[in-house]
Amino acid sequence: MIPNRITIHCTATKPSFNCGADVIDQMHKARGWSMIGYHYVIRRNGMIEEGRPESRQGAGVRGHNSNNLHISWEGGLNEETGKPEDNRTDEQKIALVSLIRDITARYSIEDIRGHRDYSPDLDGDGVIESFEWLKACPCFNAIEEYGHYTCL
């Protein structure tokens, strides 16, 4: 696989939940998958863990996995309410930029977006709006924050 896209995800877990690549691997295998669907997981402390090898197609967004590297950050749910929120740590933000820079130095990346940005454009206006999201993941505007790292 030669990637030309990056999709950013969150684990959709509360900050107190330990959800590294090994835990996600177990969860995805329990769903019948061969292994973790994400290529990378960024822990709360900023540590980057490898998941699925880059040479293998990921399993992050049904119908949009070919030539797509999937990065997930640990968190995404409010500790008290369990509702979606951007609770990335500064360490995660720094690690995500570092990982994106590394990937874009090795591949011609044309598109960086969040999982939610693959939702259908229900009203046909060319913009995926919050009422159209199938899920909130990654709980922030990935295109706005990281889209400028593409080779376009």
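Scanning the stretch 92-109 for residues that are over 16 Å from the mean Cα position of the chain (by Cα) and touching a residue at least 24 places away in the same chain (Cβ under 8 Å) returns TYR107, SER108. Of all residues in the stretch 128-149, exactly one satisfies the criterion of being more than 21 Å from PRO84 (Cα to Cα) and either within 15 Å of the chain's Cα centre (by Cα) or at pLDDT below 85 (or both), namely GLY147.
Scanning the stretch 134-148 for residues that are out of contact with any helix residue (DSSP H, G or I) (no Cβ under 8 Å at 6 or more places or on another chain) and either free of Cβ contacts under 8 Å to residues at least 12 places away in the same chain or within 16 Å of LEU77 (Cα to Cα) (or both) gives CYS139, PHE140, ASN141, GLU144, GLU145, HIS148. Just a yes or no: is a residue in the stretch 112-125 farther than 15 Å from TYR146 by Cβ, small (Gly, Ala, Ser), without any contact (Cβ under 8 Å) to a residue 12 or more places away in the chain and not in a helix (DSSP H, G or I)? Yes, the stretch 112-125 has at least one match. Can you say whether SER98 is of a type in the set (S, T, N, Q) and buried (at least 21 other Cβ atoms within 10 Å of the Cβ), as far as the supplied structure shows? Answer is no for this residue.
Here TYR38 clears all of (1) over 23 Å from ASN141 (Cα atoms); (2) of a type outside the set (Gly, Ala, Ser); (3) assigned to a loop (DSSP other than H, G, I, E, B) except the condition numbered (1). Evaluate the following for SER72: is it within 19 Å of GLY114 (Cα to Cα) and not basic (Lys, Arg)? Against the criterion (within 19 Å of GLY114 (Cα to Cα) and not basic (Lys, Arg)), SER72 qualifies. Among the residues of the stretch 73-80, is any assigned to a strand (DSSP E or B), at pLDDT 95 or above, at negative phi and under 17 Å from the mean Cα position of the chain (by Cα)? The answer is yes, given that some residue of the stretch 73-80 is assigned to a strand (DSSP E or B), at pLDDT 95 or above, at negative phi and under 17 Å from the mean Cα position of the chain (by Cα). ALA59 meets the conditions (1) aliphatic (A, V, I, L, M); (2) assigned to a loop (DSSP other than H, G, I, E, B); (3) at pLDDT 95 or above; (4) surrounded by 17 or more Cβ atoms within 10 Å (Cβ to Cβ) in every case but one. The failed one is (3).
Condition first: part of a loop (DSSP other than H, G, I, E, B), among the charged types (D, E, K, R) and modelled with pLDDT under 95. Can you find one or more residues in the stretch 86-101 that meet it? Scanning the stretch 86-101, I find no residue that is part of a loop (DSSP other than H, G, I, E, B), among the charged types (D, E, K, R) and modelled with pLDDT under 95, so the answer is no. Which one is farthest from TRP33 (Cα to Cα) among residues in the stretch 5-23 that are touching a strand residue (DSSP E or B) at 6+ places or on another chain (Cβ under 7 Å) and in a loop (DSSP other than H, G, I, E, B)? Of everything passing the filter in the stretch 5-23, LYS14 is farthest from TRP33 (Cα to Cα).
The values are calculated or read from the model by the stated rules, or taken from the named source; none is laboratory data. Treat the numbers as computed from the prediction; the structure is a model and nothing was measured. Cβ coordinates were reconstructed from backbone atoms using ideal geometry, including for glycine residues, and neighbour counts include every protein chain displayed.
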